Structures are given as structure tokens and as C-alpha cells.
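Visitor: Mind having a look at this structure? Questions to follow.
Each value in this text was obtained by applying a stated rule to the coordinates, not by laboratory testing. Since we're looking at a predicted model, the values are computed, not measured. Cβ atoms come from the backbone with ideal geometry, glycine included; neighbour counts cover every protein chain shown.
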């Protein structure tokens with residue numbers, strides 16, 4: 001189960017059309033996002049990620065009929081999104097940095113270091 005949570009957290013962060021020197025509008029990132037598509041098969045469709053304006057992030061997912069929630073922090077610098085999660089079982093904190101390929105009012109696309117894409121839709 002620990003592996004699924006860690007993989008899901010990394011996949012949620014994984015995922016351009018933006019130039020490296022372009023700044024992403026951090027205000028658009030704030031809110032709840034639902035994973036709709038991922039190149040990483042370990043990331044469950046329907047996982048929710050919430051970014052708050054004070055730099056906190058929460059991942060909520062259903063794995064094997066059980067609901068799991070992990071909290072952490074995020075930082076957006078230019079088009080780079082860095083997220084740190086501590087697994088709920090007290091395991092080692094995980095950090096990942098991905099590139100924001102695109103961010104609109106209702107869609108977020110991230111690309112990880114291996115070129116794998118994650119697409120999320122903003123929950124209303």
C-alpha cells in the first residue's frame with residue numbers, strides 16, 4: 001500500500017507549451033484538481049489534489065476501497081512545481097519537481113523528468 005501511495009503522489013506531480021522563463025499564474029493553481037489522465041499507470045484516475053494559497057497541498061485517493069489522504073507543501077517557481085509529501089504511515093518525505101506544461105482556469109498539465117504527462121481538471 002505504501003508503494004501505491006508514493007507512486008500516486010509522484011504521478012500526481014508528474015506531467016511544454018510554456019517557455020521555461022514564463023511565470024505560471026499561481027492563483028490559477030489554487031483549488032481542487034481531479035486527475036483525469038496520466039501516463040503513469042500507478043496514479044488512480046479520480047485522485048484529488050488540493051493546492052491552497054498558503055503553499056499547502058493535500059492528495060486524496062481511493063486505493064483498494066480505502067480512502068487515503070496525504071498532506072504536504074508545494075512551491076511554484078516559474079514553470080517548475082515542487083511538491084513535498086510525507087506518507088501517512090510516517091515514511092520518508094518525498095519531493096518531486098515537475099514542469100507545468102499548461103495551466104488554465106480549468107485544466108492543469110504537468111510533465112515529469114521522464115517526459116510522462118499528468119492531466120488534471122479543476123473541480124467546481
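Visitor: Working out 0.36 nm times the residue gap between residue 37 and residue 69, then minus their Cα-Cα distance, what length gain in nm do you get to one decimal? Display every interim value, and only then the final one.
Guide: On the way: separation 32, 0.36 × 32 = 11.52 nm, distance 1.98 nm.
Between residue 37 and residue 69, full extension yields 9.5 nm more.
Visitor: Using a Förster distance of 25 angstrom, determine the FRET efficiency expected from the C-beta separation of residue 86 and residue 62, and round it to 0.05.
Guide: It comes out at approximately 0.80.
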